[in-house]
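**Student:** Got a structure here, written out as structure tokens. Questions coming.
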Amino acid sequence: GVVSAVVVLAFAGFVGYYRIHQPAKQKQRELQARLSLERQTQALKESLIRDVEEIEQLRRRLPSRPETEGLLQAVGDIAKAESIQLASISPEEPTRLQDAARLSVSLRFLASYHQLGRFLGALENSPNFLWIDTMEVSRDQATGAAQVALTVSSMWVPPFTISP
């Protein structure tokens, strides 16, 4: 009686361990692995969304169209705000790149060296992404002012999209 009860109990424990406990443990490990993978996937999605938002914030500082009119207006406005009297301002032909375009305008003006410094600072601090490609400065013999010829550029980049 007691031996058979111990054998039945040992058999029940053996069956319970290998038929119930082990599969449940295996299922738990699989669920934990799946949960970990889902958490990693979610973290990657959130990181990607943040990166796309950052790219879009930077892209908003670029011209909205692959045309120089907006750049011409922005540079002209900065010159006006800094009391720069432009002798000339003219757009250059956009340079097409693979999926983008470099936009440029050429300027010529006379200014004091302090005005030139403020103008360059205003270009640098513009909410638009601008850079100076070329700059020639010489002293105007008649006035002693800086005679400046420079090319200001920006980049047009199409909107960034992600397919789900």
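The values are calculated or read from the model by the stated rules, or taken from the named source; none is laboratory data. Quick caveat, the model's predicted, so the values are computed rather than measured. In this analysis, Cβ positions are derived from the backbone assuming ideal geometry, glycine residues included, and neighbour counts consider all displayed protein chains. Heads up: the accessible areas ignore ligands, DNA and RNA and are worked out on the full protein's heavy atoms, side chains in. Shrake-Rupley method; radii C 1.70, N 1.55, O 1.52, S 1.80 Å.
**Student:** Would you please name the residue that is most open to solvent (accessible area, probe 1.4 Å), looking only at residues in segment 3-56 that are aliphatic (A, V, I, L, M), under 30 Å from residue 159 (Cβ atoms) and without any contact (Cβ under 8 Å) to a residue 12 or more places away in the chain? Spell out the reasoning first.
**Tutor:** Restricting attention to segment 3-56, the residues satisfying the condition of being aliphatic (A, V, I, L, M) are 3, 5-10, 12, 15, 20, 24, 31, 33, 35, 37, 43-44, 48-49, 52, 55.
With under 30 Å from residue 159 (Cβ atoms) added as a condition, the list becomes 43-44, 48-49, 52, 55.
After this cut, where a residue has to be without any contact (Cβ under 8 Å) to a residue 12 or more places away in the chain as well, the list is 43-44, 49.
Details: 43: 52, 44: 124, 49: 97 Å².
Per the stated criteria, the residue is 44.
**Student:** Still on this model: Please find, among 34, 50, 61, 29, the residue that is modelled with pLDDT under 75, on the phi < 0 side of the Ramachandran plot and among the charged types (D, E, K, R).
**Tutor:** Residue meeting the stated conditions: 61.
**Student:** Of 129, 119, which residue is open to solvent by less than 20 Å² (accessible area, probe 1.4 Å) and either in contact (Cβ under 8 Å) with a residue 60 or more places away in the chain or in contact with a strand residue (DSSP E or B) (Cβ under 8 Å, 6 or more places away or on another chain) (or both)? Give the derivation first.
**Tutor:** Working: 129 fails: open to solvent by less than 20 Å² (accessible area, probe 1.4 Å).
None of the others qualify; the one that does is 119.
**Student:** Could you please let me know if residue 83 is among the hydroxyl-bearing types (Ser, Thr, Tyr) and open to solvent by 30 Å² or more (accessible area, probe 1.4 Å)?
**Tutor:** yes
**Student:** Another question, then. So residue 153 clears everything in (1) open to solvent by less than 30 Å² (accessible area, probe 1.4 Å); (2) within 17 Å of residue 82 (Cα to Cα) except one condition, right? Which one?
**Tutor:** All conditions pass for residue 153, except number (2).
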